[in-house]
Structure formats: structure tokens, C-alpha cells
Amino acid sequence: MNNKSLQAYSDAWNAHDIDKIMAFMTEDYIFEPGSGPDKFGTRYQGHEAVRERFIEVWTDFQT
């Protein structure tokens, strides 16, 4: 990811623009945060699972 793309991703994340964020992801994208009930963090695979998790994060940690 180049600096321009990284800035666009960061801007989309800060704006909570899920459609723009997901445009950076492939259909089989895997998100593995280091948290959750699983030993090494919970794994989210695929557009829908990742999309739902990101929205949950924004809901849980409102700014």
C-alpha cells in the first residue's frame, strides 16, 4: 500500500466509511486481531464477517 492509499484507508476508517474500507479488501480477506475469546484472537474471514466486525468496533468504541 502506498502512502496515498494508506491515507485514503486511514481517512475512511476515521470517517467510519465501511464501503470505502471494504473496497481495499479482497473477498477472501482475513482479519485476525489479537483479542477475543480464542487463544490467539478471533479470526474473521470474508467480506461480510470483516465488515460486521468493523461496524461492531465502531459501535463498541464510540468517539
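Read the figures in this text as sums done on the coordinates, not as results from a lab. Note that the structure is predicted; figures quoted are calculated from it, not measured. Because the Cβ atoms are built from the backbone with ideal geometry, glycine has one as well, and the counts that use them run over all protein chains shown.
Distance between the 7 Å Cα→Cβ label points at Asp28 and Asp11: 3.2 nm. Compared with the dominant principal axis of the Cα atoms in the chain, helix 47-60 is inclined by about 90°. Ignoring the sites themselves, the chain has its longest run without trypsin sites (Lys or Arg not before Pro) in a DSSP loop having at most 14 other Cβ atoms within 10 Å at 1-38. Dipole size of the chain about its Cα centre, with +1 on Lys/Arg Cβ and -1 on Asp/Glu Cβ: approximately 200 debye, rounded to the nearest 20.
With respect to the chain, whose longest principal axis is taken over its alpha-carbon atoms, helix 3-14 is tilted by about 60°. Fraction of C-alpha pairs exceeding 20 angstrom in the chain: 30 percent, rounded to a whole number. Sticking with the crude label model, points 7 Å out along Cα→Cβ, report the distance from Asp60 to Lys39 in nm, one decimal please. Result for the modelled spin labels: 2.1 nm.
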